[in-house]
Amino acid sequence: MCVYSNVLRIFQFPQRVFNAIFLTWMNGWITHSRFQSYSRCRICSLSFTDDSLRHFSVCHIQQGLAEYFFDLPHGGSSKKFLCLENELPEVIKKRAIHLYILKKTYDYCRHNCTRFNHEVLVYNYRANLISFFCKYPRLRSNEVRTSVTDDTWICLC
């Protein structure tokens with residue numbers, strides 16, 4: 001854990017990114033499973049999925065967003081989703097920012113969308129990403145994509 005905190009400190013993330021990571025570690029997202037009720041995943045809406053962080057770590061839409069916008073490999077473990085896997089510092093940086101943007105997007109859609117819609121999710125994720133890099137341009141790397149094309153929908157499906 002000490003090595004991980006040193007890696008995050010190197011990038012001098014804003015406190016909001018640390019808060020999102022910590023809330024994720026503590027199961028602090030407002031999900032149905034956290035309050036002992038059942039609902040489909042609000043991100044992918046597939047049958048037999050759960051609105052829980054356990055599912056989010058393997059959710060194909062979440063993984064598609066990470067792959068498309070941050071060039072992170074599709075598929076992964078809970079440790080990767082939680083930014084706890086032993087990876088290169090640049091990869092941990094991308095995962096940490098992705099986790100923050102995903103949390104912010106999830107919260108926005110939870111409050112403002114009657115039903116999660118992939119199009120709204122992707123455009124809100126993108127808007128949050130652009131806003132984040134406008135505030136913190138030093139954290140942007142060349143591999144980060146901020147444009148959305150028709151190929152985005154293919155990537156996420």
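The values are calculated or read from the model by the stated rules, or taken from the named source; none is laboratory data. Small disclaimer: the values here were computed from a predicted structure and weren't measured. Neighbour counts are summed over all protein chains in view; Cβ atoms, including those assigned to glycine, are modelled from backbone coordinates with ideal geometry.
Quick look at the values:
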{"item": "Among residues of the range 83-104, those that are crowded, with 16+ Cβ neighbours inside 10 Å and either hydrophobic (A, V, I, L, M, F, W, C) or over 20 Å from Arg126 (Cβ atoms) (or both), counted", "result": "10"}
{"item": "Residue match in the range 93-103 (condition: of a type outside the set (Val, Ile, Thr) and over 20 Å from Ser131 (Cβ atoms))", "result": "no"}
{"item": "Residue under evaluation Ala66, criteria (1) in contact with a Pro (Cβ under 9 Å, 6 or more places away or on another chain); (2) modelled with pLDDT under 80, criterion not met", "result": "(2)"}
{"item": "Filter result (buried (at least 16 other Cβ atoms within 10 Å of the Cβ) and either closer than 15 Å to Thr31 by Cα or of a type outside the set (Phe, Trp, Tyr) (or both)) within the range 105-126", "result": "Thr105, Tyr106, Tyr108, Cys109, Phe116, His118, Leu121, Val122, Asn124, Arg126"}
{"item": "Verdict on Arg54 being at pLDDT below 90, part of a helix (DSSP H, G or I) and surrounded by 12 or more Cβ atoms within 10 Å (Cβ to Cβ)", "result": "yes"}
{"item": "Pick from the range 78-134, criterion under 14 Å from the mean Cα position of the chain (by Cα) and basic (Lys, Arg), ranking: farthest from Thr146 (Cα to Cα)", "result": "Lys79"}
